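Notes follow the structure.
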Amino acid sequence: MRVLSRSRTGFILGAAALVLAGCSSLPPGEVPIVNRNVASGESTALDSPITLGGISDSGATHTVAPGDTIYNISQRYGVNASDLMQMNAITDPTTLRLGQVLHLPRATKAPVTTASSAVKIHRLEAQAPIETATVIAPAETSSSEPVIKAAEEKPAVHEAKAPEKKEAPAVIPGTRFLWPARGPILSDYAKNGKGLDIGGTEGSVVVAAGAGQILFVGGGVKGYGNLVIVKHTPTLVTAYGHNSKVVVKPGDQVKAGQKIAEMGSTDADRVMLRFEVRDKGQPVDPMKYLPPARQ
């Protein structure tokens, strides 16, 4: 039995590099699968995994089922999400198709059941009502009558309404996201057809534009450097590229405005943040989701 020749392995690597060249080069929902069929008369030893771009193919596969994501598949088999994407030439983790067959890289850690991520999410959800209850309860039990009397004796009612009136105009109707970083816009959607390039200094804070779950963290997507993808709805995600440092991991729940990374220049010629909004795998103009002016 013979192992795949260098020329054939080089061909596979070249094909993967072309696919990774751009996130929007493929139609939504279509992800190429690396052809591992061997020419007649050749075979690959089952006990000698194929190596693709430094990643070893375990020889096992997974068929995409309803509810599957790159993150929960990687957790189920104990593999790196970035390696799983690179092994299958996937540039957008939101475009998995039902019935799609994924080749699995060799495990880098012990498989984790999906129950662990569910527990993590329940804990985060449970904290919110507990904190709210502790704030309200002491306010009602600790000298509630004097507070009411003080409000009657002093014009505190007018003072309480004043901030509410001031805050109301700050809420922009129809706005869904916050600005992910402060800095000048170097390139907009009209120029690059993908998103915004926001300038800044090394280490500047990058925040989640909206609440959601961290879907992907890694540097395997060419042209984006250290990339973070946040899933907000079943079809809507935001992407944050060229980060120097990432402070979240796949599966984390984040709030709007929460720090997720620091601005950098990975896979870029200057310090900047590449910010993209994608709906059903297709890039859309981020300005449709952002406030008209940064504060």
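Could you give log10 I(q)/I(0) at q = 0.12, 0.13, 0.18, 0.23 Å⁻¹ for segment 185-288, computed by the Debye formula over C-alpha point scatterers of equal weight, without solvent? Here the Debye-derived log intensity ratios amount to -0.33, -0.39, -0.78, -1.32. Per-residue packing, averaged as other Cβ atoms within 10 Å, sorts the ranges 79-87, 67-75, 263-271 into the order 79-87, 67-75, 263-271, beginning with the highest. Each Lys and Arg adds +1 at its Cβ and each Asp and Glu adds -1 at its Cβ; summed about the Cα centre, segment 186-295 shows a dipole of about 220 debye. Karplus-based coupling profile of segment 232-248, in residue order and whole Hz: 9, 9, x, 10, 10, 9, 10, 10, 10, x, 6, 5, 8, 8, 10, 10, 10, with θ = phi - 60° in 6.51 cos²θ - 1.76 cosθ + 1.60 and x standing for Gly or Pro.
Just so you know, all these numbers are worked out from the coordinates, no wet-lab data involved. This one's a predicted model, so the numbers in the text were calculated from it and none came from an experiment. We place every Cβ from the backbone using ideal geometry, glycine too, and count neighbours over all the protein chains shown.
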